[in-house]
1. Tell me which of these residue 127 doesn't satisfy, since it passes every other one: (1) in contact (Cβ under 8 Å) with a residue 40 or more places away in the chain; (2) under 15 Å from the mean Cα position of the chain (by Cα); (3) over 30 Å from residue 50 (Cα atoms).
2. Taking the options 150, 114, 158, name whichever one is surrounded by 21 or more Cβ atoms within 10 Å (Cβ to Cβ) and without any contact (Cβ under 8 Å) to a residue 60 or more places away in the chain.
3. Test each condition in (1) farther than 25 Å from residue 112 by Cβ; (2) modelled with pLDDT under 90; (3) buried (at least 20 other Cβ atoms within 10 Å of the Cβ) for residue 18 and report the one that comes out false.
4. Only residues that are part of a loop (DSSP other than H, G, I, E, B) and closer than 26 Å to residue 152 by Cα: list them for segment 37-56, please.
5. What single numbered condition from (1) touching a helix residue (DSSP H, G or I) at 6+ places or on another chain (Cβ under 8 Å); (2) surrounded by fewer than 12 Cβ atoms within 10 Å (Cβ to Cβ); (3) in a helix (DSSP H, G or I) fails to hold for residue 74?
6. In the set 229, 220, which member is assigned by TED's automatic domain parsing to the domain that holds residue 158 and assigned to a loop (DSSP other than H, G, I, E, B)?
7. Select, from 129, 45, 109, the only residue that is assigned by TED's automatic domain parsing to the domain that holds residue 173 and surrounded by 15 or more Cβ atoms within 10 Å (Cβ to Cβ).
8. Have a look at 140, 83 and point out the one that is touching a residue at least 24 places away in the same chain (Cβ under 8 Å) and part of a strand (DSSP E or B).
């Protein structure tokens, strides 16, 4: 048996089967794992509840293993089903020890200054990525080799005081692998407000399909606003956290 069990479980991975969204947690101390993209969100060993997650502000329970045996495992939550709830939304995840399996899914984290060159190589949008990275409003999706394969950015109060998804872009060779869906879901989880808003051209069927499949609704249009004369269609989706 290893002399330092904590060292054998330095990383936990939560993967959502519904859409492949992946979160990775790193061990901070014997009783705490911190989410890699949002370190303020932690998975801790609670004195009575065992391994669980709680809202950092309210202390409300937001996640726990499905099985009691998982919750009270001595060194880390045992692999298995993990359930989470935030507001009216609930999700089921698969918890595993270690890194995501090769080819087993993307992972999402906050963009870092060192990612800017990789983003610039495939970025199709205007805007200041460096400012978004500094403001912690830019996420990247990493592929199975830990390379930046896509990014998404949003303005916290971009339109009518509501968060606005400004950019979502995936490397051409990495498309149709669920990265755009995972990024969209991750922004939706991190944005704060009543609605997450965005827009796309009336001819951009792939983006329209992505929005609709994720439960967004079309809420308006600006006719002839784009340089090519096309209309800009606006979409919205409700957020769980109205802060």
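The values are calculated or read from the model by the stated rules, or taken from the named source; none is laboratory data. Model, not experiment: these values are computed from the prediction. Cβ sites come from the backbone with ideal geometry, for glycine too, and all protein chains shown count toward neighbours.
1. So residue 127 meets the others, but not (2).
2. Of 150, 114, 158, the one residue that is surrounded by 21 or more Cβ atoms within 10 Å (Cβ to Cβ) and without any contact (Cβ under 8 Å) to a residue 60 or more places away in the chain is 150.
3. (3)
4. 37, 38, 39, 40, 41, 55, 56
5. It fails just one condition, (3).
6. On the way: 220 fails: assigned to a loop (DSSP other than H, G, I, E, B).
The conditions single out 229.
7. Residue meeting the stated conditions: 129.
8. 140 is the lone residue from the list that is touching a residue at least 24 places away in the same chain (Cβ under 8 Å) and part of a strand (DSSP E or B).
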